[in-house]
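S.K.: Here you go, one structure.
Values in this text are rule-based calculations from the coordinates and carry no lab data. For clarity, every value in this text was computed on a predicted model and none was experimentally measured. Glycine gets a Cβ as well: all are built from the backbone with ideal geometry, and neighbour counts include every protein chain shown.
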């Protein structure tokens, strides 16, 4: 891993702002992250961690119990990768590969363009893109300016998309052309949006490869859709082409400044700081101790609009100077097509995708994957990965698949079975590096669960969010002085392995 030091400061020069586009009417008032404690009665005291941490004795020898996470912007991961591995392919997408040298150049050009659109520190930039090189650049360009990336996803209807954009107060939205058909229903209804930047899904290809790609996929309406020129939408390619790669990293406080807002299933925006995402990337890296920087290929099939995709895919991959094998659709056919002819080595993802891939007949596309982490809440996925799923997937890869655990408030995971150590069937594994868990009384999280009984799983660590954006009540329900109440009932055995056994009943 590259050595990380404090990044330099500086403020990009922003020329006069262009006039608002046809979507904008007026900006909203400045919003702030909801405090941990809601007004009114003080919340119950924080739970105490277990006096003994049995999971530490179950760690494999190569996995440390703690690490000194660097207090740097998320963008530092990209800068270090570009410095140490400039000619390594940063992204592999369709028939295009982009080196780290080119990716940081594109990122800085896009940051200049966003600054010219008026984006400043603390502003929110919406991203409605699949996993593609433009998405990677948009996340880091936003961070370069000290702004906040709002992961909107690509599958929302107009009301859902409008809620996310207005709730976050997005000033700019970067989207894939097909998403504009949904956004178009919101004209005149968005309070803060001033500019829309559109990109075609095949923009990263050369002209010749783009023609061939469109010929092969001529029946795909999403690929062919283009935003009409009269809509006043700015083009990603043109903005990058005409903007110099000039911005310096804006000074931020990584421990408190937000890097991303990620919607959960209930539409709440989890606020993830730069430290949350940097620490999460390192936690994945530490859990897979044989990573060889500059020589890995990470499968990025879980959308970056998920904390799993954002931190365990994008963040982890860039930290390792790996090639990100970008899969725009999280389904088995798309994964196998994207990896055909490639040499993937690491595969972080969500349980549903691994379960679906386990049903695939023998395919060489996954044969080089040596380690996979399934990160998700068993209560959300229905159950942990069964023995038959793990066995079938490991036959496809010849490597290890390990069950882990995560939720929207932790970016992305808090527990996992050791990759190179004992894995217990049905268990979500051990708390990962620098993560503590405790079982709380299901009816009163201020008290520990009775000895020997299941309790609500509470977690704490550097990857855990501070709270939900502008949702003090929701924040107070799940946070206790830095502890995240997961809502899952769990048990812990003598070796520190945790098993989720149900959900906490709520009134």
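S.K.: Need one word for the stretch 67-142: rounded, prolate or oblate. Basis is the Cα gyration tensor (sqrt eigenvalues a ≥ b ≥ c); a/c below 1.5 gives rounded, then a/b vs b/c decides. Please report the intermediate quantities before stating the final value.
M.R.: Values: a/c = 1.73, a/b = 1.13, b/c = 1.52.
Note, shape of the stretch 67-142 comes out oblate.
S.K.: Can I ask one more? Work out, step by step, the length gained on full extension between residue 364 and residue 207: first 0.36 nm times the residue separation, then minus their alpha carbon distance; give nm to one decimal.
M.R.: Details: separation 157, 0.36 × 157 = 56.52 nm, distance 2.97 nm.
Computed gain between residue 364 and residue 207 is 53.6 nm.
S.K.: Translational diffusion coefficient, Stokes-Einstein: compute it for the chain using the Kirkwood radius over C-alpha pairs as Rh, at 4 °C and 1.567 mPa s, and state it as an integer in µm² s⁻¹.
M.R.: Values: Rh = 23.0 Å.
The estimated diffusion coefficient comes to 56 µm²/s.
S.K.: Another question, if that's okay. How long are the three semi-axes of the equivalent ellipsoid for the stretch 406-453, computed from the Cα gyration tensor as the root of 5 times each eigenvalue, in whole Å, largest first?
M.R.: Numbers: eigenvalues 107, 44, 17 Å².
For the stretch 406-453, the ellipsoid semi-axes come out as 23, 15, 9 Å.
S.K.: Turning to a different aspect of this structure: Nearest 10 degrees is fine. How inclined is helix 274-287 to the longest principal axis of the chain, computing both from alpha carbons?
M.R.: 60 degrees
S.K.: Compute the normalised compactness of the stretch 102-253: alpha-carbon radius of gyration over 2.2 N^0.38 Å, N being the residue count.
M.R.: On the way: Rg = 15.2 Å, N = 152, 2.2 N^0.38 = 14.8 Å.
Scaled against compact globular proteins, the figure is 1.02.
S.K.: Moving to a separate point now. What is the helix-to-structure angle for 100-116, meaning the angle in degrees between its Cα long axis and the longest Cα principal axis of the chain, kept from 0 to 90 and rounded to the nearest 10?
M.R.: 70 degrees
S.K.: Enter the angle in degrees (range 0 to 90, nearest 10) between the Cα long axis of helix 387-397 and the first principal axis of the Cα atoms of the chain, meaning the one along which they spread out most.
M.R.: Long axis of 387-397 versus the principal axis of the chain: about 50 degrees.
S.K.: Please report the antiparallel percentage of DSSP beta bridges with both residues in the chain, rounded to the nearest 5. All intermediate terms of the calculation are to be shown ahead of the outcome.
M.R.: Values: 36 of 69 bridges.
Antiparallel bridges: around 50 percent, rounded to the nearest 5.
S.K.: How long is the gain from residue 395 to residue 160 if the chain were fully straight, where each residue apart is worth 0.36 nm and the alpha carbon distance is subtracted?
M.R.: Numbers: separation 235, 0.36 × 235 = 84.60 nm, distance 3.96 nm.
Stretched out fully, the residue 395 to residue 160 stretch lengthens by 80.6 nm.
S.K.: Next question. Based solely on its DSSP helices, what 222 nm [θ] is calculated for the chain when runs of n ≥ 4 H residues each add -39,500 (n - 2.57) and the sum is averaged over all residues, nearest 500 deg cm²/dmol?
M.R.: -7000 deg cm²/dmol
S.K.: Quick one: if you stick a label point 7 Å off each Cα along the C-beta vector at residue 443 and residue 256, how many nm between them?
M.R.: Each label point lies 7 Å from its Cα, and together they span 4.0 nm.
S.K.: Could you give the length gained on full extension between residue 501 and residue 220, defined as 0.36 nm per residue of separation minus the Cα-Cα distance, in nm?
M.R.: That pair, residue 501 and residue 220, stretches by 96.9 nm at full extension.
S.K.: Output the relative contact order of the stretch 169-208, whole-number percent, from Cα pairs under 8 angstrom with separation of 6+ residues.
M.R.: Details: 34 pairs, mean separation 22.8, N = 40.
Computed over the stretch 169-208, the figure is 57 percent.
S.K.: Using label points projected 7 Å from each Cα along Cα→Cβ, tell me how many nm separate residue 56 and residue 181, to one decimal.
M.R.: It is 5.6 nm.
S.K.: Another question, then. If packing is taken as the average count of other Cβ atoms within 10 Å, what order do 263-273, 404-414, 347-357, 428-438 fall into, highest mean first? Walk me through the intermediate numbers first.
M.R.: Details: 263-273: 20.5, 404-414: 29.6, 347-357: 23.1, 428-438: 25.0.
Per-residue mean Cβ counts within 10 Å order the peptides as 404-414, 428-438, 347-357, 263-273.
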